[in-house]
Amino acid sequence: MNKNSVNQTAVKGPVSVNSAKLGLANKRGEYMLMFGALIGLLFAANGLLPQQDETISKKSIAKVNGYELSVDEYQALLEKISDIVPVGVMPIEQQQQKLLDSMIDEHLLAQQAIALQLTLSDSRLRKMLAMSITEWQTTEALSEVVDDKTLKAFYANNSALFQGSDLLQVQQMRFRCTDKHCSERSTTYKTAQNALKQLGQGVYFNEVKQQFAEPDFIALAAAPLSRKELHHKLGKTLAKQANLLSQGQHSELIISGNYYHILKVVKREPTAIVTFEQVSEQVLKAYQQQKRLQQMDDYLDGLKRDADIIIHAQYFPTIAQTSIAQSSKMNTEKSSTGVSE
């Protein structure tokens, strides 16, 4: 029998859907999640549920729908958890009770999964397990007490995360592409290039715009605008490009919405500096998130070192060849249609 398959006769008696919903919908706190994730993964490694064994020891700690939870199994799991849970986090009696509660919940959910004919090949189950182990593994970062000195150092090293973006006063000129796609062979492209040349020679932006560009539908305000306002007025692509320009600098040609665009930042106005005290809660959350990501990276590195992973390397040449062929085809089509990136 495949180790990932379980005889449904192991599930005796009706399985309540409400029990499964309660187990899924109502988390019992971070420690319940921690225990549940670990036990769920241990079950997964052995086929979601242990096989029903008629010779199992009659010395059991509990019975769930006729399925015995043996003391040996309980003690084995308790030893594994004792190696993980920091000393002093939870009284041993409470830890033991949490473990038993978690085992019962896991069996109920696993029995329900069998009744619904779900297996570990189901991507939803894999995602649930991965999310649970991630939460469990990174719980320590959320409970860690972080002093102000550490947070202030983190704020200083990552100040850009907490500061508002500059206000920008932007000028724009645009040139409508006459073809379906903006082509470098078109007269529009040549006109736009002439405009760039004039700007490079020091001609005022508005003079070049009046001579070469399309009239504006709605002119940009002659005042500094926030990133949000620029996004609303110009769209994501142009707003992003504008934020890359220095004061007094104009862009190269930008293709957006079947137009060539040229932008110029007339003025950059820095926003007020946000102090640590104003964003201390955000700093703490960002610090915790970074710690969680680092903890998970370290944990995964350890799992990979201990794992037996085999990769079918012969697939990669095929994938690479397919990718190259597709890329070559796309470039050929762009050349024939005159599409420019």
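Computed from the coordinates by the stated procedures, all read-outs in this text should not be read as laboratory data. Nothing here was measured: the structure is a model prediction, and the numbers come from that model. Counting neighbours? That spans all protein chains shown, and the Cβs are built from the backbone with ideal geometry, glycine included.
Numerical summary
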| quantity | calculated |
| --- | --- |
| Inter-label distance for residue 160 and residue 203, nm, one decimal - labels placed 7 Å from Cα along Cα-to-Cβ | 3.6 |
| Amide H contacts under 5 Å for residue 167, placed H, 5+ residues apart | 269, 271 |
| Phi to ³J(HN,Hα) by Karplus 6.51 cos²θ - 1.76 cosθ + 1.60 over region 298-308, Hz, x for Gly, Pro | 5, 5, 5, 4, x, 4, 5, 5, 8, 8, 9 |
| Potential lengthening between residue 252 and residue 72 on full extension [0.36 nm per residue; Cα-Cα distance subtracted] | 57.6 nm |
| Low-density loop cleavage sites - chymotrypsin sites (Phe, Trp or Tyr not before Pro) in region 224-315, where at most 16 other Cβ are within 10 Å (DSSP) | 276 |
| Paramagnetic reach from residue 240 (point 7 Å along Cα→Cβ, amide N under 20 Å) across region 171-196 | 171-173, 182 |
| Distance (nanometres) between label positions extended 7 Å along Cα→Cβ at residue 93 and residue 278 | 5.2 |
| Set 80/127; 152/240; 127/291; 233/267; 180/233; 209/267 screened for pairs whose C-alpha atoms are more than 27 Å apart | 152/240 |
| Proximal aspartates and glutamates to residue 197, defined as alpha-carbon separation beneath 20 angstrom and excluding residues fewer than eight positions away on the same chain | 184, 207, 214, 252 |
| Using a Förster distance of 51 Å, the FRET efficiency for residue 309-residue 211 (Cβ separation, nearest 0.05) | 0.20 |
| Eligible aspartates and glutamates near residue 98 by straight Cα distance, threshold 20 Å, same-chain separation 8 or greater | 30, 68, 72, 73, 79, 83, 106, 135, 140 |
| Integer Hz, Karplus 6.51/-1.76/1.60 couplings in order for region 139-152, x for Gly and Pro | 4, 4, 5, 7, 8, 5, 7, 10, 7, 4, 4, 5, 5, 5 |
| Rg/Rg_globular for region 167-265, with Rg_globular taken as 2.2 N^0.38 Å and Rg from C-alpha atoms | 1.02 |
| Where trypsin sites (Lys or Arg not before Pro) fall in DSSP loop in region 128-219, at most 15 other Cβ within 10 Å | 180, 185 |
| Cα-projected label distance for residue 226 with residue 194, points at 7 Å along beta-carbon direction, nm | 4.1 |
